[in-house]
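Reviewing the structure listed below.
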Amino acid sequence: MTGDRIEIRALRLTGVHGLLPEERSRPQPFEIDLDLDVDMDGAVESDDLAETADYAAVIEATAAVVAGPPHDLLESLAGAIAGAVLHDDHVRSVTVAVRKLRPPVPFEVGSTGVRLTRTRP
């Protein structure tokens, strides 16, 4: 492992996810951070996108998951995002943070969220 990482921060998407009926009645905002563990040696030498993970494609894959079928739990949503990102053979592991920006709680809170890391088998 080289410690090379592609970072995607504060990706804002809307989706219909959550356990409660009010969360399933309309889209709500989510914020997502992704850390992709990628060997960048080839891209550093060649300056060729084919030698690294394409963060635009990763963002598209993430957006497709968030726009897709509902998940009751943020844990499940984050796991589905990780699975989609790991389809890119350049990504050795990914850390996904998903934050619900308007959680259904009776208190003022900036966000609630989960963070998980998955590694290619």
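What's the FRET efficiency of ASP47 with ARG9 using the Cβ-Cβ distance as r and R₀ = 25 Å, to the nearest 0.05? Please report the intermediate quantities before stating the final value.
Working: r = 24 Å, r/R0 = 0.94.
The formula returns an efficiency of 0.60 here.
Can you give me the relative contact order of region 1-111 as a percent, contacts being Cα pairs under 8 Å and 6 or more apart?
On the way: 189 pairs, mean separation 34.4, N = 111.
That works out to 31 percent.
Suppose all protein chains stay in the model; what accessible area per residue would a 1.4 Å probe give for the chain, in Å²? Intermediate values should be presented prior to the final figure.
Values: 6910 Å² over 121 residues.
On a per-residue basis, the chain sits at 57 Å².
Read through the labelled values (i) 1.99; (ii) 0.96; (iii) 1.03 and report the label of the one computed as Rg/Rh (Cα atoms, Kirkwood Rh) from the structure.
Given (i) 1.99; (ii) 0.96; (iii) 1.03, the calculated one carries the label (iii).
Which value in nm describes the separation of the simple spin-label points at ARG115 and LEU20, placed 7 Å from the Cα toward the beta carbon?
Placing both labels 7 Å beyond Cα along the Cβ direction yields 2.5 nm.
Give, as a single signed number, the net charge of other residues whose beta carbon lies under 12 Å from the beta carbon of ARG92, with Lys and Arg counted +1 and Asp and Glu -1.
It works out to a net charge of -3.
Tally Lys and Arg at +1 and Asp and Glu at -1 over the other residues with C-beta under 15 Å from the C-beta of THR62: what net charge comes out? Write down the numbers at each step before the final one.
Working: positive: ARG9, ARG12, ARG99, ARG115, ARG118; negative: GLU7, GLU31, ASP33, ASP35, ASP54, GLU60, ASP88.
Value of the local net charge: -2.
At a 1.4 Å probe radius, which order do VAL66, VAL114 fall into by accessible area, largest first? Present the calculation step by step, with values, prior to reporting the outcome.
Numbers: VAL66 0, VAL114 30 Å².
Heavy-atom accessible area, descending, gives VAL114, VAL66.
Before rounding to the nearest 500, sum -39500 (n - 2.57) across all DSSP H runs of length at least 4 in the chain and divide by the residue total; then give [θ] at 222 nm in deg cm²/dmol.
Numbers: 4 runs with 35 residues, N = 121.
Mean residue ellipticity, 222 nm, calculated: -8000 deg cm²/dmol.
The values are calculated or read from the model by the stated rules, or taken from the named source; none is laboratory data. From a predicted model like this one, the values you see are computed outputs, not experimental measurements. Please note: Cβ atoms are built from the backbone with ideal geometry, for glycine as well, and neighbour counts cover all protein chains shown. With ligands, DNA and RNA removed, areas are computed over all heavy atoms of the protein, side chains included. Shrake-Rupley method; radii C 1.70, N 1.55, O 1.52, S 1.80 Å.
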